[in-house]
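Inspection log for the structure reproduced underneath, given as structure tokens.
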Amino acid sequence: MSITAETITAILNDFRVPAELHADPELQAVAYGVAFLGAPATKTEENFYDSATVFYDVDPDSDSPLRYEVGNRDLMAEQLFYRASVRTAALLHGDAGDETEHVGLR
């Protein structure tokens, strides 16, 4: 699958990034990352996206830590979505140094 300008625009629209910010290179990079999640270039990349990462929530007062899995594709998508929201906030509000504040794009 070829990633087109229309694909990038559609992803940015899905993230509710204002149209005037679509030309921002960082936001376009995020959109390319999202597009790659749906179109892996190799079988190895596809296998990685289709697998999961295991996390342990260790409670110091518990005898048995909680174990949970998150799909790698979902984990990466969430990270990319967060990056888009932080970058959009920075461009809209001029707070590029404050990574704790972000806008709700979805």
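Take each of the peptides 69-75, 11-17, average the number of other beta-carbon atoms within 10 Å over its residues, and list them starting from the highest. Write out the running numbers ahead of the final one.
Working: 69-75: 14.0, 11-17: 18.6.
Top of the packing list down: 11-17, 69-75.
What is the helix-to-structure angle for 5-14, meaning the angle in degrees between its Cα long axis and the longest Cα principal axis of the chain, kept from 0 to 90 and rounded to the nearest 10?
Helix 5-14 sits at roughly 60 degrees to that axis.
Run the numbers for residue 77 and residue 92: contour at 0.36 nm per residue of separation, minus the present Cα-Cα distance, in nm. The partial results should precede the final answer.
Numbers: separation 15, 0.36 × 15 = 5.40 nm, distance 2.23 nm.
Additional length available on full extension: 3.2 nm.
Can you give the FRET efficiency for residue 20 and residue 48, using 1/(1 + (r/R0)^6), R0 = 22 Å, r = Cβ-Cβ distance, to the nearest 0.05? Walk me through the numbers before you get to the answer.
Details: r = 35 Å, r/R0 = 1.58.
For residue 20 and residue 48, the calculated efficiency is 0.05.
Give me the compactness ratio for the chain, meaning the Cα radius of gyration over 2.2 N^0.38 Å.
On the way: Rg = 16.7 Å, N = 106, 2.2 N^0.38 = 12.9 Å.
Relative to the 2.2 N^0.38 Å estimate, the chain comes out at 1.29.
Note down the relative contact order for the chain as a percent, whole number, built from C-alpha pairs under 8 angstrom at least six residues apart.
On the way: 106 pairs, mean separation 26.7, N = 106.
Reported relative contact order: 25 percent.
Angle between the Cα long axis of helix 25-38 and the longest principal axis of the chain, 0 to 90 degrees, nearest 10?
The helix 25-38 is inclined about 50 degrees to the chain.
Suppose all protein chains stay in the model; what accessible area per residue would a 1.4 Å probe give for the stretch 8-92, in Å²? Walk me through the intermediate numbers first.
Details: 5270 Å² over 85 residues.
Result: 62 Å² of accessible area for each residue.
What's the extension gain from residue 5 to residue 58 if we count 0.36 nm per residue and subtract their Cα-Cα distance?
Using 0.36 nm per residue and subtracting the Cα-Cα distance, I get 14.7 nm.
The values are calculated or read from the model by the stated rules, or taken from the named source; none is laboratory data. Everything numeric in this text was worked out from a predicted model, so none of it was measured. No Cβ is skipped: glycine too gets one built from the backbone with ideal geometry, and neighbour counts run over all protein chains shown. Ligands, DNA and RNA are excluded from the accessible area calculation, which covers all protein heavy atoms including side chains. Shrake-Rupley method; radii C 1.70, N 1.55, O 1.52, S 1.80 Å.
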